[in-house]
Amino acid sequence: MPVPQQLEPTRRTSDTDYYEIVQSPATVEIIPGLRTPIMGYNGTFPGPTIVQNPGRRVVVTHKNALSVPTVVHLHGGTTPDDSDGYPTDFVLPAQTYGTFPTMPAMPAMPGMPAMSDPDAVVTRMQRDYTYPPQPRAGTLWYHDHRMAFTGPSVYRGLAGFHIAHDTEEQALPLPRGARDVPLMIADRAFASDGSFMYPAIDPTMRTTPGVDKPWVNGVMGDVILVNGAPWPVMKVDTARYRFRILNASNARTYQLALQNSSQGFTQIGTDHGLLPAPLHQDTVVIAPAERFDVVVDFSGHKVGDEITLVNRLGSDSTAAVMHFVVARATKDSSSIPSTLSRTSPITPSGSMTRRTMKFHRGGQGEWLINDQAFDPSVSQADVPAGSTEIWTIISDFHHPFHIHNATVQVISRDGKAPGRYDQGWKDTVFVNKGEKVQLAIRFSDLKGRFVFHCHNLEHEDMAMMATFRIT
């Protein structure tokens, strides 16, 4: 099983690490014996991993060597608005790209009017994204966030890990080094020549966004990739391993379980860092863009044992995810302390602003929020910097709710207590069909315009996104 390469800074100052990434086309071997054209950060899928250490600022210069505009979003990051990856803040690939002027008009889905965004900040060929020290340790990820084309861009490879550390986490005796492993799980479909099969209306990603009608609920594939490899095998020691699990699929939700093992998972964290205390999970249900930080203990196994990570929501080729083979007996000095992090739950109060956001299908086949298709000029919420609000998300389908530059706690589901997978600080919350999920959202003190949206990427591209402003 491959592990994404950790990117080294091009230079360092007293408080900042500088990186460079080139977004470029490449051809890689994913299916053995076949070659797959990708869009890759530094030509790889996944892209290289950026590690952000406590108190350090990170500046990433992204250079666009592709044939289409891009936008980079640090998913889960506390980020200034000019580096957050607002979906119309394009990095154009060349000085003479197409007919895009300084303030571009957005390509439109069939049956919908074109939009323009006079506030878009467009650069040509490269852009510096600046990320301040992150308030908590967490498994973040960066991916393309281009208006109307996020789905095909991520599907073709534009995704990578960004792991933030803090001093609280680093003081714990958790597995580290080679036993701290990011796992990016993503499903894809392939043509007979090895190329990705994405049902885009416009495969060039230059004119008309959207997917063929059978795929408007979300694009799913029949090959499960982990870190870009199909159903890989990982050799492990008789020791504890920390797995940072990311669901980078466009639309597929997984129920993960360990077959041929009685250990299960010890969940230690979620989207935005460590839980207050470890939580045993027999299975993990993970929707697109969610992250689960778990420890798996292989010390009870003997050399030669095989354990399969399975997907209980899958069938046939999507029922298995990857395999672990116990290859070496060893000593292990790691442990899982009973207390992981100093966090406290949010208690709703009468002074908190309350809002309702209805996620639903529109009459033209688009996906809407409060009857509104995405419009950069319309803010559905203006919120004070650093404030906490109570939002109720109402869903007519399966929608992973994601909000930028804020952190979330689940207060209730249909008036009942949060579920087992709702614990801790999150930025992505799965809302099932017909549910009402109440969230406490704590907004950053970084002001500007940001978005919230469904992280089923086809829904996001088909207008299920809205602007909010931190004031």
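The values are calculated or read from the model by the stated rules, or taken from the named source; none is laboratory data. This is a predicted model, so every value here is computed, not measured. Reconstructed Cβ throughout: ideal geometry from the backbone, glycine too, with neighbour counts over all protein chains shown.
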Of all residues in the stretch 309-321, which are surrounded by fewer than 17 Cβ atoms within 10 Å (Cβ to Cβ) and touching a strand residue (DSSP E or B) at 6+ places or on another chain (Cβ under 8 Å)? 312, 313, 317, 319, 320
Regarding residue 382, is this residue touching a residue at least 12 places away in the same chain (Cβ under 8 Å), of a type in the set (D, E, K, R) and in contact with a His (Cβ under 7 Å, 6 or more places away or on another chain)? no
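How about the stretch 351-399: which of its residues are among the β-branched types (Val, Ile, Thr) and in a strand (DSSP E or B)?
Listed by number, the residues that qualify are 356, 369, 383, 388, 390, 392, 393, 394.
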Any residue in the stretch 422-436 that's farther than 12 Å from residue 292 by Cβ and modelled with pLDDT of 95 or more: show its pairings with residues that are basic (Lys, Arg) and assigned to a strand (DSSP E or B) at Cβ separation under 8 Å, as long as the two are six or more apart or on different chains. 435/413; 436/413
Subset of the stretch 445-471 (residues that are part of a loop (DSSP other than H, G, I, E, B), surrounded by fewer than 22 Cβ atoms within 10 Å (Cβ to Cβ) and not charged (D, E, K, R)): 446, 471
Considering (1) over 16 Å from the mean Cα position of the chain (by Cα); (2) modelled with pLDDT of 95 or more; (3) buried (at least 21 other Cβ atoms within 10 Å of the Cβ); (4) of a type outside the set (S, T, N, Q), say which one residue 209 fails and leave the rest. (2)
Residues of the stretch 341-360 being surrounded by 12 or more Cβ atoms within 10 Å (Cβ to Cβ), under 25 Å from the mean Cα position of the chain (by Cα) and of a type in the set (S, T, N, Q), in sequence order, are 341, 343, 356
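Got a number for residues in the stretch 78-122 being in a strand (DSSP E or B) and either modelled with pLDDT under 90 or under 25 Å from residue 403 (Cβ atoms) (or both)?
First, the residues of the stretch 78-122 that are in a strand (DSSP E or B): 91-92, 105-106, 115-116.
Those left that are additionally either modelled with pLDDT under 90 or under 25 Å from residue 403 (Cβ atoms) (or both): 91, 105-106, 115-116.
Within the stretch 78-122, residues that are in a strand (DSSP E or B) and either modelled with pLDDT under 90 or under 25 Å from residue 403 (Cβ atoms) (or both) number 5.
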Residues located in the stretch 242-291, provided they are under 14 Å from residue 183 (Cα atoms) and without any contact (Cβ under 8 Å) to a residue 60 or more places away in the chain: none
Among the residues listed as 281, 267, the single one being in the same structural domain as residue 196 (by TED's automatic domain parsing), closer than 27 Å to residue 399 by Cβ and touching a Lys or Arg at 6+ places or on another chain (Cβ under 8 Å): 281
Residue list for the stretch 401-421, restricted to those being in contact (Cβ under 8 Å) with a residue 40 or more places away in the chain and not in a strand (DSSP E or B): 404, 405, 420, 421
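Would you please name the residue that is farthest from residue 272 (Cα to Cα), looking only at residues in the stretch 151-170 that are assigned to a helix (DSSP H, G or I) and not polar (S, T, N, Q)?
At the first step, the residues of the stretch 151-170 found to be assigned to a helix (DSSP H, G or I) are 151-155, 167-170.
In the following step, the residues that additionally are not polar (S, T, N, Q) were identified as 151-152, 154-155, 168-169.
Values: 151: 23, 152: 26, 154: 22, 155: 24, 168: 14, 169: 12 Å.
Per the criteria, the residue is 152.
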Residues of the stretch 22-50 being out of contact with any Gly (no Cβ under 6 Å at 6 or more places or on another chain) and in a strand (DSSP E or B), in sequence order, are 22, 23, 25, 27, 28, 37, 44, 49, 50
Residue hits (the stretch 123-136; part of a strand (DSSP E or B) and not β-branched (Val, Ile, Thr)) are 124, 126, 127, 128, 129, 131
Exactly one of 62, 73 is within 26 Å of residue 400 (Cα to Cα), in a strand (DSSP E or B) and either among the hydrophobic types (A, V, I, L, M, F, W, C) or at pLDDT 90 or above (or both), and that residue is 73
Quick check on this structure: which one of 159, 239 is among the hydrophobic types (A, V, I, L, M, F, W, C), touching a residue at least 12 places away in the same chain (Cβ under 8 Å), in contact with a Pro (Cβ under 8 Å, 6 or more places away or on another chain) and under 30 Å from residue 300 (Cα atoms)? 239
Residue check: is residue 173 under 27 Å from residue 5 (Cα atoms) and in a loop (DSSP other than H, G, I, E, B)? yes
Considering only residues that are part of a loop (DSSP other than H, G, I, E, B) and farther than 24 Å from residue 147 by Cβ, which ones fall in the stretch 183-220? 189, 191, 192, 193, 194, 195
